[in-house]
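The values are calculated or read from the model by the stated rules, or taken from the named source; none is laboratory data. Just so it is clear, the structure is predicted and the values come from calculations on it, not from any experiment. Cβ placement follows ideal geometry from the backbone for every residue including glycine, while neighbour counts extend to all protein chains displayed. Please note that ligands, DNA and RNA were not included when accessible areas were found on the heavy atoms of the full protein model with its side chains. Shrake-Rupley method; radii C 1.70, N 1.55, O 1.52, S 1.80 Å.
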Amino acid sequence: MSLDDAVPILAAYCLAALSGKKEPSANDIKTILNSVGIEPQDDSIKRVIDALKGKELHQVISEGMSQVG
């Protein structure tokens with residue numbers, strides 16, 4: 001999966017998580033992306049969900065920010 005494919009899926013995951021979903025589903029992500037005209041691929045959504053499963057969103061963001069600088 002390219003970064004261009006992953007970014008909108010990650011953004012939708014974050015939006016769903018920030019709205020109160022502890023573990024956003026593929027349907028949650030699809031609904032958000034479809035609302036802005038993006039048709040995500042199911043396998044890409046699954047890869048993102050699998051990579052984030054069991055992790056707290058704030059920890060993932062913090063870890064990512066430490067790599068940026």
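Here are a few things to note about the model shown:
- Estimated purely from DSSP H runs of n ≥ 4, each contributing -39500 (n - 2.57), the mean residue ellipticity at 222 nm for the chain is -21500 deg cm²/dmol once divided by its residues.
- For the chain: relative contact order, % (alpha-carbon pairs under 8 angstrom, 6 or more apart): 33 percent
- Matching the structure-derived Rg and Dmax of the Cα atoms in Å against the labelled list [x] 11.7, 33; [y] 16.0, 42; [z] 10.5, 29 gives the label [x].
- Placing +1 on the Cβ of every Lys and Arg and -1 on the Cβ of every Asp and Glu, with no other charges, gives the range 2-61 a dipole of roughly 240 debye about its Cα centre.
- Stretch gain in nm, segment ASP4-ASP42, where the contour uses 0.36 nm per residue and the Cα spacing is subtracted: 12.2 nm
- Rounded to the nearest 10 degrees, the angle from helix 57-68 to the longest Cα principal axis of the chain is 70 degrees.
- Taking every protein chain into account, the accessible area of the range 1-52 amounts to 64 square angstrom per residue (probe 1.4 Å).
- Trypsin sites (Lys or Arg not before Pro) restricted to the range 13-69 and DSSP loop, no more than 11 other C-beta within 10 Å: LYS22, LYS53, LYS55
- Using the Cβ-Cβ distance between LEU18 and VAL68 with R0 set to 35 Å, the FRET efficiency works out to roughly 0.95.
- When a 1.4 Å probe is rolled over the protein heavy atoms, the share of accessible surface on the chain that falls to carbon and sulfur comes to 55 percent.
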